[in-house]
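The values are calculated or read from the model by the stated rules, or taken from the named source; none is laboratory data. As the structure is a prediction and not an experimental result, all values here were calculated from the model. Virtual Cβ from ideal backbone geometry, glycine too; neighbours counted across all protein chains shown.
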Amino acid sequence: MNRQLWILVAPALAWLCGILPWQEPAKPGFDHEHALLTRVLSTHVRGDRVDYEALSRMRDGLDRYLSGLSAQDAKEFAGWTRNEQFAFWINAYNAFTLQTVLVNYPLEPLESLRDVDGAGSCSVWKRKSLHLGHLIADHGQAEISLDELRDKLLREKFKDARVHAALNNSCLGAPALRASAFTSAALDRELESAARAWLADPLRTKFDKAARSVEASAVFGEFREDFARESGSVEAWIARYAPTEDRIWIESPGQALTRTTLAFDWKLNDIEREAK
């Protein structure tokens with residue numbers, strides 16, 4: 001190829017090979033569909049249980065997802081919409097909880113994360129081990145705990161009691177973990193679905209038409225102000241999201257709905273395995 005022809009052809013070849021600086025692809029932004037987390041959840045969530053053994057052997061996806069959360073730029077994050085931030089924090093809570101289980105897995109002879117540092121200590125939820133503090137204005141610390149994420153961010157900032165139906169702390173007594181991530185685009189619908197699924201789950205909410213009563217999660221007592229703020233009372237919130245067949249008799253004339261507390265099951269929500 002003569003020199004003049006090469007001068008004409010070389011720029012075109014460079015463009016096709018993508019080596020010209022102005023042709024470098026832009027770095028992709030944050031995935032608000034949280035597709036990587038959905039792949040992890042859809043693979044390992046089984047009904048209201050999680051296959052932690054399989055997840056411990058295939059944790060690359062979870063680790064990459066959590067690394068992405070921790071590496072998120074604070075300035076960019078501050079410019080996100082309310083739903084984008086809300087979905088981020090919900091997914092962060094659930095994903096870091098999975099990681100917390102894996103760090104301590106298998107738990108034998110313990111049955112629950114709450115007993116890791118002593119019976120009933122609940123210390124794992126208080127450890128400042130989540131590298132997300134840089135995303136919180138005026139926080140001043142690099143790490144936060146799962147309890148801080150739930151109480152100081154999700155509950156205080158967003159003030160949506162449906163979040164309690166979206167969070168899973170790894171215990172069987174908690175609302176079942178979704179097999180897909182929460183997304184900003186469909187967040188209201190997803191939270192609505194989570195709240196209704198929680199109250200429709202006979203293992204976690206027990207309605208008694210004859211007694212006009214409901215035996216509900218201890219979460220309703222512990223965080224009663226969240227539910228009362230939205231509906232006037234815990235019972236009114238439960239009635240709002242109860243299954244249709246129960247809502248009909250709850251709202252019919254007669255004695256007001258009474259509520260008792262269902263014993264909280266702290267056991268790890270691992271899949272059931274045959275004894276070895």
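Quick check: anything in region 104-113 closer than 30 Å to residue 273 by Cβ, part of a loop (DSSP other than H, G, I, E, B) and in contact with a Phe, Trp or Tyr (Cβ under 6 Å, 6 or more places away or on another chain)?
Yes, the conditions are met somewhere in region 104-113.
Select from region 114-148 the residues that are in a loop (DSSP other than H, G, I, E, B), within 30 Å of residue 82 (Cβ to Cβ), of a type outside the set (Gly, Ala, Ser) and in contact (Cβ under 8 Å) with a residue 12 or more places away in the chain and list them in ascending order.
126, 127, 128, 131, 132, 136, 141, 143
Give me a count of the residues in region 208-250 that are over 23 Å from the mean Cα position of the chain (by Cα), charged (D, E, K, R) and within 28 Å of residue 155 (Cα to Cα).
4
Can you find even one residue in region 171-183 that is at pLDDT 95 or above, buried (at least 21 other Cβ atoms within 10 Å of the Cβ), under 13 Å from the mean Cα position of the chain (by Cα) and not in a loop (DSSP other than H, G, I, E, B)?
Within region 171-183, not a single residue is at pLDDT 95 or above, buried (at least 21 other Cβ atoms within 10 Å of the Cβ), under 13 Å from the mean Cα position of the chain (by Cα) and not in a loop (DSSP other than H, G, I, E, B).
Step by step: first the residues of region 209-228, then only those that are charged (D, E, K, R) and in contact with a Ser or Thr (Cβ under 9 Å, 6 or more places away or on another chain), then the one that is nearest to residue 171 (Cα to Cα). Which residue is that? First the steps, then the outcome.
Let us first name the residues in region 209-228 that are charged (D, E, K, R), namely 209, 212, 215, 222, 224-226.
Filter once more, so that each one left must be in contact with a Ser or Thr (Cβ under 9 Å, 6 or more places away or on another chain): 212, 215, 224.
Working: 212: 28, 215: 18, 224: 20 Å.
Top of the filtered list is 215.
Name the single residue that is nearest to residue 246 (Cα to Cα) among those in region 210-232 being of a type in the set (A, V, I, L, M, F, W, C) and in contact with a helix residue (DSSP H, G or I) (Cβ under 8 Å, 6 or more places away or on another chain).
Restricting to residues being of a type in the set (A, V, I, L, M, F, W, C) and in contact with a helix residue (DSSP H, G or I) (Cβ under 8 Å, 6 or more places away or on another chain), the top hit is 214.
Take the conditions modelled with pLDDT of 95 or more and either touching a Pro at 6+ places or on another chain (Cβ under 8 Å) or surrounded by fewer than 14 Cβ atoms within 10 Å (Cβ to Cβ) (or both) and apply them to residue 244. Does it pass?
yes
Sort out which residues of region 155-181 are closer than 13 Å to residue 125 by Cβ and hydrophobic (A, V, I, L, M, F, W, C), and write them in order of number.
167, 171, 174
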